[in-house]
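Values in this text are rule-based calculations from the coordinates and carry no lab data. Bear in mind the structure is a predicted one, so any value in this text is a computation, not a measurement. Because the Cβ atoms are built from the backbone with ideal geometry, glycine has one as well, and the counts that use them run over all protein chains shown.
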Amino acid sequence: MLDSVPTSPTIRGMYIGGAWTPAARTFDDLNPSDNSLYARIPDGSAADMARAVEAAQAAFPDWSRRSFQERARALLKVAEVWEARKDDFIAAVMHEGGGWYGKGVFEAGFVAEIFRTSASLCYQATGEVLPSADGKVLMATRWPLGVVGVISPWNMPGILTSRGYAAALAAGNTVVLKPSEDTPYSGGLYHAEILEEAGIPAGVFNVVTCSRASVAEVGDALIEHPLVKGISFTGSTAVGRHIAAKCGAHLKKCCVELGGKDSMIVLEDADLDKAAEAANFGCFMHQGQVCMSTEKLLVHDSVYQSFMQRFLARAARLKTGHVNDRNNVVGPLINTRQAHRVKALIDDAVAKGAVLELGGNAWENFVEPTVLTHVDDSMDIWHDETFGPVVAVRSFRTDDEAVALNNDTEYGLTAAVWTADEGRALGLAARLETGMVHVNDQNIYDEPQVPFGGVKASGVGRYGGRWSLDAFTELRLITLERGGRHYPPVF
Ligand code: NAD
């Protein structure tokens, strides 16, 4: 089936107010496996963005007043259409995003669940009735924000884009999406095709694409537009800080999910075979381009040799190359700039004394799975998010040391702990400065109904399940006075 899907899609335009709309210019969207042209994408302007925001605002009264069951049915229909077309999405993940076939299959399945979980949220936008000292009826009620702007990254263009808007739609908001310039189809226009086919009303969901050269202007036009009431951002910490600051200046609600520098800790009583298998996935799945990728492996001194033997043997089996060959589990990095950046981080570490236990080679947009030991704090790779198939390994002797090595980063997304002693793991979990801790698993884990998010420079806010409602609704206190209120007699 998948082999019959063309490797380049037909681009119909941006999606504004239910109409496929051209831009004055286009930009080239490249296939990272060979830098061939994947598609020509509309390079939208600030004026296009303003039109999309106005279309979303025009659609808001009707969408927000529809019954919650109707919005739930609409999202279930989106899930159905998404599943029916999943081969198109898998092809886009491979040829636009440089993802291995298996990554596309996993992502396609997960996105359908995001829509179903979001449909269930339509039934959960509950408020609270509060006690009152004055005998009033006090109701904390939830309301949609209005137009929500969504800015999404390229690395999981299905999951991270849909996670940004599906719960927002469930809550009754309307949406303007600006996808990444590296995956404007799979992370943007493809979603518009699905929502149009599912019958989501015109203006409820809009997509404006633009190039990296235009993004500052087009991004500002979204964030600063007075009709936009909330921003949902997933991407790098540098851009997220900028966006959160802008939202702060305009007093807008924002949820920012940012970078990570995540550790997996292997204690001396861990199941080393399983830990090595998990580490191989956590470090190298999608070329390490996952915000939760395992970038630091911390191994107890007493099992260091035995663990490394197992881990290196597994990692050495991974094949790197063009994703047309499904044996290449490690595909290209998303673009040449990113491939050069990752190679420079490896070179910096090696120049400062790190030892290459595996890999280190890079060509075109490819970087081989790379394992570095003898890493220390002087090396950029210890601190910077690599976002490539590279892991830095260090040993430790005590739990305190493991905690300190884990927490030695500005980021705080996930941590993973391997041990046979769940009590010890829970004790450690309390001391690890991350938004998520996984025991006896690697770092990459999410389900659509759990609170996903980080602390420190990894973000503010949570996506997933009912926690998404906090991001995409506001609370309004409504009180009912029933004659019991006394005012001072002078009044
Ligand atoms: P990025 O920050 O470069 O881009 C993210 C989005 O922001 C893109 O759509 C981009 O076009 C847009 N953008 C860039 N400059 C902008 C501006 N001035 N105004 C408005 N929008 C702007 O990130 P990326 O390279 O696409 O994604 C990789 C990063 O995302 C990594 O740091 C990764 O850890 C992080 N990430 C975080 C999570 C999470 O949930 N915490 C998930 C995935 C990725």
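So which cysteines of the chain have no other cysteine's Cβ under 4.7 Å from theirs?
122, 210, 255, 283, 291 - these cysteines have no disulfide-compatible partner (Cβ-Cβ under 4.7 Å) in the chain.
Below 8 Å between Cα atoms, with a sequence gap of 6+, how large is the relative contact order for the chain in percent? The partial results should precede the final answer.
Numbers: 1166 pairs, mean separation 85.9, N = 491.
Computed value for the chain: 17 percent relative contact order.
Could you sort 359-367, 244-252, 189-197 so that the peptide with the highest average Cβ count within 10 Å comes first and the rest follow in order?
Answer by packing, highest mean first, reads 189-197, 359-367, 244-252.
Treating cross-link reach as a plain straight distance, find the aspartates and glutamates whose alpha-carbon is under 16 Å from the alpha-carbon of residue 86, omitting any fewer than eight places away in the same chain.
Cα-Cα hits under 16 Å: 3, 96, 107, 113, 193, 196, 197.
Nearest-5 percent of antiparallel DSSP beta bridges in segment 262-439?
That works out to approximately 20 percent antiparallel.
Net charge near residue 393, counting Lys/Arg +1 and Asp/Glu -1 over other residues with Cβ under 10 Å of its Cβ?
+1
Would you mind working out the magnitude of the charge dipole of segment 262-439 relative to its Cα centre, with +1 at each Lys and Arg C-beta and -1 at each Asp and Glu C-beta, to the nearest 20 Debye?
Around 680 debye, computed over segment 262-439.
Starting from the Cα of residue 178, draw a straight line to each of the lysines and keep only those under 20 Å, dropping any in the same chain fewer than 8 residues away.
By straight Cα distance, residue 178 reaches 229, 246, 252, 253.
Going from the alpha-carbon gyration tensor of the chain, what semi-axes, largest first and in whole Å, does one get by taking the root of 5 times each eigenvalue? Please list the in-between numbers first.
Working: eigenvalues 309, 181, 75 Å².
Output for the chain: semi-axes of 39, 30, 19 Å.
Highest mean first, how do 373-380, 417-424 rank when packing is the count of other Cβ atoms within 10 Å averaged over residues?
My ranking of the peptides, most packed first, is 417-424, 373-380.
If you average the C-alpha positions of segment 401-468 and of segment 215-289 separately, how far apart do those two centres end up, in angstrom?
Value for the Cα centre distance between the two parts: 14 Å.
For segment 262-439, take every pair of Cα atoms, bin their distances at 10 Å starting from 0, and report each bin as a whole percent.
10, 41, 36, 12, 1
Can you tell me which of 41-51, 154-164, 397-407 comes out highest on packing, and rank the rest after it, using the mean Cβ neighbours within 10 Å? Spell out each step's value before the answer.
Numbers: 41-51: 21.7, 154-164: 27.2, 397-407: 16.5.
Answer by packing, highest mean first, reads 154-164, 41-51, 397-407.
Taking Cα pairs under 8 Å and at least six residues apart, what relative contact order does segment 262-439 come out at, in percent?
Taking the mean separation of contacting Cα pairs over the length of segment 262-439, I get 28 percent.
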